[in-house]
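> Here it is: the structure, laid out below.
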Amino acid sequence: MKNGEGVNVSADPDYPVNRGLACPKGWESLSVLDSPERATEPLLRDSNGSMQRVDWDRAARTLVDRFKSIQATYGPDSLAWLGTGQITVEELAYLGALGRFGMGVRHGDGNTRQCMATAAVAYKQSFGFDAPPYTYQDFEESDVLVFVGANPCIAHPIMWQRVMRNRNNPEIIVLDPRATETAASATQHCALNPKSDLCLFYGIARAIIERGAIDDDFIADSVDGYREYAEFVQEFDRERVASETGLSIVEFDRLVNTIVRGRRVSFWWTMGVNQSHEGVRLAQSIINLALITGNIGRPGTGANSITGQCNAMGSRLFSNTSSLIGGYDFSNPDHRSLVSERLSVDVSKIPAEPGWAYDQIIEQIESGVVKGLWIVATNTAHSWIGSDRLKRAFEKLEFLVVQDMYHSTETATLADLVLPAAGWGEKEGTFINSERRIGRARKVKRAPGVALADFNIFRLVARYWGGLSFLEKWDSPEAVFRILANLTKGRPCDISGISGYSALEQNSGIQWPYTGRDCDRRVQRRLFEDGRFYHVDGKAKLLYERPKSLPETVDEAFPFALLTGRGTSAQWHTQTRTSRSEVLRKLYPKNLYMEINPRDAKALGIASGSLVEIRSRRATITASAMVTSAVRPGHVFLPMHYGSTNKLTLPSFDPHSRQPSYKHCAVSIRKHDEH
Ligand SMILES: Nc1nc2c(c(=O)[nH]1)N[C@H]1C(S)=C(S)[C@@H](COP(=O)(O)OP(=O)(O)OC[C@H]3O[C@@H](n4cnc5c(=O)[nH]c(N)nc54)[C@H](O)[C@@H]3O)O[C@H]1N2
Ligand SMILES: Nc1nc2c(c(=O)[nH]1)N[C@H]1C(S)=C(S)[C@@H](COP(=O)(O)OP(=O)(O)OC[C@H]3O[C@@H](n4cnc5c(=O)[nH]c(N)nc54)[C@H](O)[C@@H]3O)O[C@H]1N2
Ligand SMILES: [Mo]
């Protein structure tokens, strides 16, 4: 700090999460705040279509007037918001409470739908609550780590460093169609066919059952539905698994042997699982394996979904979108009356169902039902699946508000009103990470111009909306934190024992649950140590379903499978921030590149650096070729960080979680004509 302003970042050696480590984005987290692209004043589109600077009074008044008039003209389904997993818990909660209980907006969802919806639904159904069971220390305590559709070396570099510090000489198994940076450091890489994981996990379950390598006591005490599951997986014999996954029987047997021999086996999954047309059942097939082998509730074990965004976990509990604020259910009348009481909200204002999911909101914009949309801290026009279609749909909106740190994002440039937001480091609040740890974020810099913390933008809108007395007590982030902590009393995510921000600071963050009653101050805590789950009978459920065919398969016209994901550890999503750092910009290619196998490249006359045309049934784009054996013949890979990738992807969704299946569609490739 210098004169009250943060000037440099260093990593805290004593914090239990990162232990002195930081990724390139972490080191550069302050420098990305200084940029001419920062939104510094509210901008309002005038009748000629150009953006004019306005003050906050005009901005807030316009938002409220336009939204109220849309609601009055077209009814309660005509407004929606799209939020995020990248603002503080207190901000997410404010938006969720203001939107659904205050403004009467029926439909709010967030980018966590693109990211963690599958894991949230899978846990909820299997365990009775959306509860990732692990602590990060488990990376260091396993003797077998199985990474499924995860590339932590690039996407979770700090976690990956902790795997590297594991002293048990662990087996590291990576299941990924690509030979990723993570796979290169694995002891076993199974390059399975895209979207064949479900068949593989049922096959592993069958093989383990056949060998009697299950935990009978744990199953008897803690697992529901074992007998039926054992019968269900019978059809997934090794031959079927080998033919569907493309793995050899030898590879498959080695994988099974390693899991059977492991004493502390942990399973870790991310987007290769969640972003799938059958992601929920796939996540549950991983959970099932941990359950039947008793690999849960002990150090170094678990069926562990790693979250992506800094506060995806906060959004899952408090955004008031897919579940009722505080980890409750909209559909449960007891929950509604409890929330009504604890938040002093009239119970009639609490909806009895969640609103539309992200894709349904887009569909209703397309069909002209949703007319007003408020987008907060997400760059929809870049990141949504099949983005051309989304942009066409947005033309039908009567009023689009975008609240972002930068005025130049693909989404902000479509807005009628841009609200300038402060970013990380410029505001106070808390975040919740994947191991359920609630941590503090502090203000160390002033936001540029008249940009405001999202928290204060929401308060301003609430004031202009009027009549929202239940929000009067929500006057500072810490006040909201205390209200939320009290709200969770009695839920699995009970944090009523956290008295305020100083408790978080003194304890290096605190993992939920924390009731204070048992005063469990251990730095590392995992769930289910007593073998009790959150369903009424205390047991976890085995859930399963036959694998489904892909929404789009490769054929003669579109012979390549397109995989998408993270490119480098120096790039974050749609690059609104990471492209603002000179240091980070040097660490990744400037323009879109496509990974292609040498064999396919040769057949198509493509060399590294050649311009290629990539066509799907949705769009045609160009990229430069990167010839690499990291992708298998018949596959190509595009990083998601460049705007055109999602023009190609196919809007298709898991039926249970409605998470988009970003990781598979069919494309054709040809060398770009040079003329
Ligand atoms: N540097 C960086 N780090 C990030 C982010 C970032 O943008 N940049 N974003 C953050 C966010 S929000 C998220 S959600 C996480 C995502 O973190 P990850 O999920 O680890 O990253 P991805 O590259 O999206 O996908 C992981 C892998 O899934 C594989 N995959 C594709 N299809 C399949 C399949 O059918 N089966 C299997 N087994 N694997 C498959 C891909 O080849 C890819 O290597 O990263 C977080 N961390
Ligand atoms: N093809 C393909 N597409 C994908 C994926 C994939 O693997 N493949 N992954 C998906 C996943 S997992 C995710 S999470 C999404 C991410 O997609 P997005 O959420 O659209 O990506 P970001 O670039 O993180 O967008 C965050 C926005 O919030 C702004 N912002 C940052 N901090 C603040 C703040 O404090 N306040 C406000 N108001 N604004 C702020 C940033 O400037 C940026 O515009 O992309 C999804 N899209
Ligand atoms: Mo994500």
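The values are calculated or read from the model by the stated rules, or taken from the named source; none is laboratory data. Remember, predicted model here, so these are calculated numbers, not experimental data. Heads up, the Cβs are rebuilt from the backbone with ideal geometry, glycines too, and the neighbour counts pull from every protein chain shown. Note: areas computed on protein heavy atoms with side chains; ligands, DNA, RNA excluded. Shrake-Rupley method; radii C 1.70, N 1.55, O 1.52, S 1.80 Å.
> Considering only the stretch 571-603, state which residues are within 14 Å of ligand 2 (Cβ to nearest atom) and more than 19 Å from VAL631 (Cα to Cα).
GLN571, TRP572, HIS573, THR574, GLN575, THR576, ARG577, THR578, SER579, ARG580, SER581, LEU584 - these are the residues of the stretch 571-603 that are within 14 Å of ligand 2 (Cβ to nearest atom) and more than 19 Å from VAL631 (Cα to Cα).
> Quick one: which helices (runs of 4 or more DSSP H) sit completely within the stretch 87-168 and have at least 2 residues that are within 15 Å of ligand 3 (Cβ to nearest atom)?
Helices (runs of 4 or more DSSP H) meeting the threshold: 117-127, 152-155.
> Can I ask one more? Please pick out the residue among PRO157, PRO194 that is near ligand 1 (Cβ under 9 Å from one of its atoms) and within 18 Å of ARG281 (Cα to Cα).
Exactly one residue qualifies, and that residue is PRO194.
> For ASN288, only one of the following conditions fails: (1) open to solvent by less than 10 Å² (accessible area, probe 1.4 Å); (2) within 16 Å of ligand 3 (Cβ to nearest atom). What is its number?
(2)
> All but one of (1) touching a helix residue (DSSP H, G or I) at 6+ places or on another chain (Cβ under 6 Å); (2) more than 14 Å from ligand 2 (Cβ to nearest atom) hold for VAL89; which doesn't?
(2)
> Quickly run through the stretch 294-328 and pick out the residues that are within 16 Å of ligand 3 (Cβ to nearest atom) and part of a loop (DSSP other than H, G, I, E, B).
ILE306, THR307, GLY308, GLN309, CYS310, ASN311, SER319, THR321, SER322
> Moving on. So, in the stretch 349-360, how many residues would count as being assigned to a helix (DSSP H, G or I) and closer than 16 Å to ASN320 by Cα?
Result for the stretch 349-360: 2.
> When residues of the stretch 198-218 are filtered for being in a helix (DSSP H, G or I), open to solvent by 10 Å² or more (accessible area, probe 1.4 Å) and out of contact with any Lys or Arg (no Cβ under 9 Å at 6 or more places or on another chain), how many remain?
5
> How about the stretch 581-602: which of its residues are touching a helix residue (DSSP H, G or I) at 6+ places or on another chain (Cβ under 9 Å) and open to solvent by 30 Å² or more (accessible area, probe 1.4 Å)?
GLU582, VAL583, ARG585, LEU587
> Quick check on the stretch 76-96. Is at least one of its residues aliphatic (A, V, I, L, M), without any contact (Cβ under 8 Å) to a residue 40 or more places away in the chain and either open to solvent by 20 Å² or more (accessible area, probe 1.4 Å) or in contact with a Lys or Arg (Cβ under 8 Å, 6 or more places away or on another chain) (or both)?
no
> Hey, another quick one. Can you tell me which of (1) of a type outside the set (Ser, Thr, Tyr); (2) modelled with pLDDT of 95 or more; (3) farther than 27 Å from GLY110 by Cβ is the one HIS675 doesn't meet?
Unmet condition: (2).
Conditions (1) basic (Lys, Arg); (2) within 16 Å of ligand 1 (Cβ to nearest atom), marked per residue:
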| residue | (1), (2) |
| --- | --- |
| VAL401 | no, no |
| GLU428 | no, no |
| ILE432 | no, yes |
| LYS443 | yes, no |
| PHE458 | no, no |
| GLU472 | no, no |
| CYS493 | no, no |
| GLU505 | no, no |
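> Continuing with this model, one more query. Inside the stretch 570-580, can you point out the residues that are within 9 Å of ligand 1 (Cβ to nearest atom) and either within 17 Å of LYS663 (Cα to Cα) or open to solvent by 30 Å² or more (accessible area, probe 1.4 Å) (or both)?
TRP572, HIS573, THR574
> I've got another one for you. Among the residues of the stretch 605-654, what is the count of those that are exposed (fewer than 15 other Cβ atoms within 10 Å of the Cβ) and more than 24 Å from TYR588 (Cα to Cα)?
3
Yes/no matrix, rows are residues, columns are (1) under 19 Å from LYS124 (Cβ atoms); (2) under 19 Å from the mean Cα position of the chain (by Cα):
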| site | (1), (2) |
| --- | --- |
| ILE286 | yes, yes |
| SER322 | yes, yes |
| LEU343 | no, no |
| SER348 | no, no |
| ALA352 | yes, no |
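> What are the residue pairs meeting all of these: first residue in the stretch 260-280, first residue within 13 Å of ligand 2 (Cβ to nearest atom), second residue among the hydroxyl-bearing types (Ser, Thr, Tyr) and open to solvent by 10 Å² or more (accessible area, probe 1.4 Å), Cβ atoms under 7 Å, and 6 or more apart or on different chains?
As it stands, the answer is GLN275/TYR662, since those pairs meet every condition given.
> Does LYS663 satisfy the criteria of being more than 16 Å from ligand 2 (Cβ to nearest atom), closer than 26 Å to ALA183 by Cβ and either out of contact with any helix residue (DSSP H, G or I) (no Cβ under 8 Å at 6 or more places or on another chain) or modelled with pLDDT of 95 or more (or both)?
no
> From the list GLU582, GLU556, GLU529, exactly one residue is of a type in the set (Asp, Glu) and free of Cβ contacts under 8 Å to residues at least 40 places away in the same chain. Which is it?
GLU556
> Condition first: within 16 Å of MET626 (Cβ to Cβ) and within 12 Å of ligand 1 (Cβ to nearest atom). Now tell me which residues in the stretch 552-569 satisfy that.
LEU562, LEU563, THR564, GLY565, ARG566, GLY567, THR568, listed by residue number.
> Run down TRP512, TRP465 and say which single residue is touching a residue at least 12 places away in the same chain (Cβ under 8 Å), among the aromatic types (Phe, Trp, Tyr), over 29 Å from ASP404 (Cα atoms) and not assigned by TED's automatic domain parsing to the domain that holds ASP138.
Result: TRP512 is the single residue among TRP512, TRP465 that is touching a residue at least 12 places away in the same chain (Cβ under 8 Å), among the aromatic types (Phe, Trp, Tyr), over 29 Å from ASP404 (Cα atoms) and not assigned by TED's automatic domain parsing to the domain that holds ASP138.
> Follow-up question, since we're still on this one. Taking the criterion of being open to solvent by 10 Å² or more (accessible area, probe 1.4 Å) and of a type in the set (Gly, Ala, Ser), would at least one residue in the stretch 349-360 satisfy it?
Yes - at least one qualifying residue is present in the stretch 349-360.
> So, one more: Restricting attention to the stretch 71-86, and to residues there that are over 20 Å from THR321 (Cβ atoms) and in a helix (DSSP H, G or I), which single residue is nearest to ligand 3 (Cβ to nearest atom)?
In this case the residue turns out to be TYR74.
> Report whether or not VAL223 is open to solvent by less than 50 Å² (accessible area, probe 1.4 Å), away from ligand 1 (no atom under 16 Å from the Cβ) and in contact with a Leu (Cβ under 7 Å, 6 or more places away or on another chain).
Considered against the rule, which asks whether it is open to solvent by less than 50 Å² (accessible area, probe 1.4 Å), away from ligand 1 (no atom under 16 Å from the Cβ) and in contact with a Leu (Cβ under 7 Å, 6 or more places away or on another chain), VAL223 comes out as yes.
> Here's something else I'd like to know. Suppose we filter the stretch 313-339 for residues that are open to solvent by 20 Å² or more (accessible area, probe 1.4 Å) and either more than 18 Å from ARG658 (Cα to Cα) or touching a residue at least 24 places away in the same chain (Cβ under 8 Å) (or both); how many remain?
Total meeting the criteria: 10.
> Now for a different question. Which number in (1) within 16 Å of ligand 2 (Cβ to nearest atom); (2) open to solvent by 10 Å² or more (accessible area, probe 1.4 Å) marks the one condition that SER668 misses?
For SER668, the exception is condition (1).
> For the stretch 535-578, give me each residue that is among the polar types (S, T, N, Q) and under 24 Å from ILE621 (Cβ atoms).
If the condition is that a residue be among the polar types (S, T, N, Q) and under 24 Å from ILE621 (Cβ atoms), then THR553, THR564, THR568, GLN571, THR574, GLN575, THR576, THR578 are the ones that fit.
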